[in-house]
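In what follows, a single structure is set out as structure tokens and then discussed.
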Amino acid sequence: MKPFILLLITALVGPLTWAACPPAVSKSILFENDSGYSAEWTFKNSAELRLRADLSEPAYLDYAAWVKEHTPLTAIGLLQNHLNILIRANLPTLANNIQKVQDIISGKIGDIHPLTCLESVPLLEFLKVVDLREHSMEFIASVYTHAEDSKIIGDFYFTGDATSVGAAESQIALEKREELHRSGWVFESIYHNHPFVFRDGFTDIGGNLAPSEADLNYFLRIAPQTAIISNGIDSLVLQNDEFLKLKN
Ligand SMILES: [Zn+2]
């Protein structure tokens, strides 16, 4: 495209249209071993980051196509599916779990939205380490803000298929949290994924956005402003005061 035409278009539609998602910022590797790495991104906070991610990365498109191929269910449908499995199990010990999932489905607690640009950053990174179509694994990341800046610190490790055990934060991520706290950064979100499990023998296909009891205990312990759980297509955001509500 000729420069003057590009200038004209930019003048007509404004610069926001050209904002890249994911944001074009380089990551720094904080720690690395044979199974993966912990990384950090720093970028300017912007409203676009909170908008729906319109991604064209081949790894993401392959992932999204794979999900679509295996289930027509939306985030609510997946929660409903999970709820039906809990109800069918007919165990008194699951009463809290059932209530929790019902509260999320009804919209009483939490907010479900399509994957945002900000949320796509750790997800795209994890897809470089783990093919989620082959392995049901979880990443964990934290979001921090300070004045006009945002930071994401994430752990991206090949942990082996452990569908019932979530990813634990790395030592370096915990140290970074302390350091950022001391320098006035706000701990905005803790964020992890719930992978799909489209395999024979699994009645629950995963990808449901409800936090586990272990998730809730962790959120309460580290106390971010919000917690995000994503299946890579949609995400659930819980506010800090909702962590405890879901436990009761
Ligand atoms: Zn979880």
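Quick notes on this one:
- Residue within the stretch 236-243 that is assigned to a strand (DSSP E or B), in contact (Cβ under 8 Å) with a residue 12 or more places away in the chain, away from the ligand (no atom under 15 Å from the Cβ) and of a type outside the set (Val, Ile, Thr) present: yes
- When Leu174, Leu127 are checked against the criterion of being under 20 Å from Phe43 (Cβ atoms), away from the ligand (no atom under 16 Å from the Cβ) and aliphatic (A, V, I, L, M), Leu127 stands alone in meeting it.
- Complete set of residues in the stretch 182-216 that are away from the ligand (no atom under 16 Å from the Cβ) and over 20 Å from Phe126 (Cβ atoms): Arg182, Ser183, Gly184, Trp185, Val186, Phe187, Asp200, Gly201, Phe202, Thr203
- Test: residue in the stretch 66-78 that is out of contact with any strand residue (DSSP E or B) (no Cβ under 9 Å at 6 or more places or on another chain), farther than 30 Å from Leu246 by Cα, of a type outside the set (Ser, Thr, Tyr) and not in a strand (DSSP E or B): yes
- Residue within the stretch 212-220 that is at pLDDT below 95, assigned to a loop (DSSP other than H, G, I, E, B) and within 16 Å of the chain's Cα centre (by Cα) present: yes
- Within the stretch 186-211, restricting attention to residues that are in contact with a Phe, Trp or Tyr (Cβ under 8 Å, 6 or more places away or on another chain) and among the β-branched types (Val, Ile, Thr), the residue that is surrounded by the fewest Cβ atoms within 10 Å (Cβ to Cβ) is Val186.
- Residue within the stretch 34-46 that is part of a helix (DSSP H, G or I) and modelled with pLDDT of 95 or more present: no
- Among the residues listed as Ile222, Ile228, the single one being over 29 Å from Ala89 (Cβ atoms) and within 14 Å of the ligand (Cβ to nearest atom): Ile222
- The selection criterion, being in contact with a helix residue (DSSP H, G or I) (Cβ under 9 Å, 6 or more places away or on another chain), buried (at least 21 other Cβ atoms within 10 Å of the Cβ), of a type in the set (D, E, K, R) and modelled with pLDDT of 95 or more, holds for Asp155.
- Cβ-Cβ under 7 Å pairs, at least 6 apart or on other chains, the stretch 72-99 side under 19 Å from Gly207 (Cβ atoms), far side among the hydroxyl-bearing types (Ser, Thr, Tyr): Ile85/Thr203
- Of all the listed residues (Ala223, Ala227), the sole one being on the phi > 0 side of the Ramachandran plot and touching a strand residue (DSSP E or B) at 6+ places or on another chain (Cβ under 8 Å) is Ala223.
- Taken over the stretch 58-87, the criterion of being surrounded by 15 or more Cβ atoms within 10 Å (Cβ to Cβ) and of a type in the set (Asp, Glu) is satisfied by no residue.
The values are calculated or read from the model by the stated rules, or taken from the named source; none is laboratory data. Just so you know, these numbers come straight off a predicted model, no measurement behind them. Note: ideal-geometry Cβ built from the backbone for every residue, glycine included; neighbour counts use all protein chains shown.
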